[in-house]
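Worksheet: one structure, shown below.
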Amino acid sequence: MTDNNIKRHHKLVFRNETGELPRVEAFLDGIESEFSIGAVAMNKIRLAVEELVVNVIKYAYPENIDGEIALTASLDGRMLTIEIADCGVPFNPTAVAVPDTNAPLEERPIGGLGIHLAKNMVDEMDYEYRDGYNVLSLKKLI
């Protein structure tokens, strides 16, 4: 049995390519197992992280530019924090307007629901541009 009050930390660095998504999945599987995260909470975390990582892969770097993305997961007590960091184009997803999900489909802009969905899957989402890096922090009480 592990002591949940001990802070634990894991990190994965990967290329900005969709072919790296299985490594992200394996990373999430590992923290789910080691941190003993329940299925309901983990499904929300997984959905948020995958949506945001795909956005970074697609949009953070100019076309044909290689870059790295770092995922860091830490557990402090029952608070899981996942940071997604990249050195791509500065972008603050927390500043994206909440989409009008009540508007008729033909009046809605294409896209924009992923960030909204991710925000609703976690307890807290914070952004900061630090030392040339976009750093997005997701917090979820597990």
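If the condition is being among the aliphatic types (A, V, I, L, M) and over 17 Å from the mean Cα position of the chain (by Cα), then the stretch 31-75 contributes Ala39, Ile65.
For beta carbons closer than 6 Å, sequence separation of 6+ or different chains, a first residue in the stretch 13-37 that is closer than 15 Å to Leu52 by Cβ and a second that is assigned to a helix (DSSP H, G or I) and of a type outside the set (A, V, I, L, M), the qualifying pairs are Phe14/Glu20; Phe14/Arg23; Leu28/Arg46.
Note on the stretch 23-72: residues that are open to solvent by 80 Å² or more (accessible area, probe 1.4 Å), assigned to a helix (DSSP H, G or I) and under 21 Å from Ile115 (Cα atoms) amount to 4.
The values are calculated or read from the model by the stated rules, or taken from the named source; none is laboratory data. The structure displayed is predicted, hence computed values, not measured ones. Backbone-built Cβ (ideal geometry, glycine too); neighbour counts: all protein chains shown. Note: accessible area is taken over every heavy atom of the protein model, side chains too, but ligands, DNA and RNA are not part of it. Shrake-Rupley method; radii C 1.70, N 1.55, O 1.52, S 1.80 Å.
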